[in-house]
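J.: I am attaching a structure below and will ask some questions about it afterwards.
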Amino acid sequence: MKTEKRMRIVLIDDHKLFREGVKRILEFEPSFEVVAEGEDGTEASKLVKENKPDVVLMDINMPHMNGVQATTDLVRFFPDTNVIILSIHDDESYVTHALKTGAQGYLLKEMDSDSLIEAIKVVGEGGSYLHPRVTHNLVQEYRRLAKENASSVADSGVEYRKPLHILTKRESQILQLLADGKSNRSVAEALYISEKTVKNHVSNILQKMDCNDRTQAVVSAIKKGWVEVL
């Protein structure tokens, strides 16, 4: 029987207790393997070179070299390694700066275990993943612009319409919930369906909208008026 390849993970965080907690969560996922740990950004390149991980979980605030600097080096010298930033900050400036370095994911440390596992799987397969609250903050500027244009849209007599020309009714519903900053679990609970079903719908939405990740889909939907600005 062919054994499924396990996703190799390097964990870098200067708080030992937090590292141990994350490691325990990941040990329950049979497709994951934590191959190395570090407590400083200066160790990142060495650990990646030695262990060739699929994903690096990188704390953003560390002594000597922070996660943003370390990620810059990893993306430059090991472009096939995908980095997920771990942070306590949901401020847009932190998120934008981290993503500009080439990080593929940004998670808040208050995340639940399901979100962590989902993020690693998505990023490990080449996708992008942002914590739902981070996604929500990033699209606030688009919401603000949409609100400013709302009166002119109403005056023109243009009626808000769901994108039923490319998405199903259920997909349109889920797209709206994503724009509201809901996680897959929250969407599943709101619609009384399974998380697996939600993931399938999200995949279909991204494919139909020709988007790489949910953040891009939400931003595109807001620009096109496909979701209501609450």
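The values are calculated or read from the model by the stated rules, or taken from the named source; none is laboratory data. For clarity, every value in this text was computed on a predicted model and none was experimentally measured. Here the Cβ positions follow ideal geometry from the backbone for every residue, glycine too, while neighbour counts run over all protein chains shown. For the accessible areas, the whole protein counts, side chains as well, though only heavy atoms, and no ligand, DNA or RNA atoms are used. Shrake-Rupley method; radii C 1.70, N 1.55, O 1.52, S 1.80 Å.
J.: For the chain, with all protein chains present and a 1.4 Å probe, just round the carbon and sulfur fraction of the accessible area to a whole percent.
T.: Working: 6270 of 12600 Å².
Carbon with sulfur: 50 percent of the solvent-accessible area.
J.: How far, in degrees from 0 to 90, does helix 113-124 lean away from the longest principal axis of the Cα atoms of the chain, to the nearest 10?
T.: For 113-124 against the chain, the angle is about 90 degrees.
J.: Provide the per-residue ³J(HN,Hα) series for region 41-54, in order, calculated from phi with Karplus coefficients 6.51, -1.76, 1.60 and θ = phi - 60°, each as a whole number of Hz, with x at glycine and proline positions.
T.: Couplings: x, 5, 7, 4, 4, 5, 5, 5, 4, 6, 10, 6, x, 7 Hz.
J.: Now for a separate question. Let me make sure I get this right: for the chain, a, b and c are the square roots of the gyration tensor eigenvalues over alpha carbons, sorted descending. Under 1.5 in a/c it's rounded, otherwise prolate if a/b > b/c, else oblate. Which is it?
T.: Numbers: a/c = 2.39, a/b = 1.71, b/c = 1.40.
Prolate.
J.: Please list the non-local residues whose amide H lies under 5 Å from the amide H of D40, H modeled 1.01 Å from N, same-chain partners needing a gap of 5 or more.
T.: Placed amide hydrogens put D13 under 5 Å from D40.
J.: When ligands, DNA and RNA are left out and all protein chains stay put, how many square angstrom of accessible area per residue does the chain have with a 1.4 Å probe? Spell out each step's value before the answer.
T.: Details: 12600 Å² over 230 residues.
Heavy-atom accessible area per residue stands at 55 Å².
J.: Just reorder Y94, Y129, Y192 by solvent-accessible area, largest first, 1.4 Å probe, all chains present.
T.: Putting Y94, Y129, Y192 in descending order of accessible area: Y192, Y94, Y129.
J.: Just want the answer: with Cβ charges of +1 for Lys and Arg and -1 for Asp and Glu, which residue in V187, V10, T42 is farthest toward the dipole's positive end in the chain?
T.: V187
J.: Determine the dipole magnitude for region 173-224: charges of +1 sit on the beta-carbon of Lys and Arg, -1 on that of Asp and Glu, nothing else is charged, the reference point is the Cα centre, and the result goes in debye to the nearest 20.
T.: Details: 8 positive and 5 negative charges, 15 e Å.
Magnitude of the dipole: close to 80 debye.
J.: Given axes a ≥ b ≥ c from the Cα gyration tensor, I'd like to know whether region 176-230 is rounded (a/c under 1.5), prolate (a/b larger than b/c) or oblate. It would help to have the intermediate numbers written out before the result.
T.: Working: a/c = 2.39, a/b = 1.33, b/c = 1.80.
Oblate, since a/c reaches 1.5 and b/c is not below a/b.
J.: A further question follows. Using the Cα centre of the chain as the reference point, and only Cβ charges (+1 on K/R, -1 on D/E), how large is the resulting charge dipole? Debye, rounded to the nearest 20.
T.: Details: 31 positive and 35 negative charges, 163 e Å.
For the chain, the charge dipole is close to 780 debye.
J.: What is region 25-131 by shape, rounded, prolate or oblate, if you read a ≥ b ≥ c off the alpha carbon gyration tensor as root eigenvalues and call it rounded for a/c under 1.5, prolate for a/b larger than b/c, and oblate otherwise? Walk me through the intermediate numbers first.
T.: Working: a/c = 1.41, a/b = 1.05, b/c = 1.34.
In terms of gyration-tensor shape, rounded.
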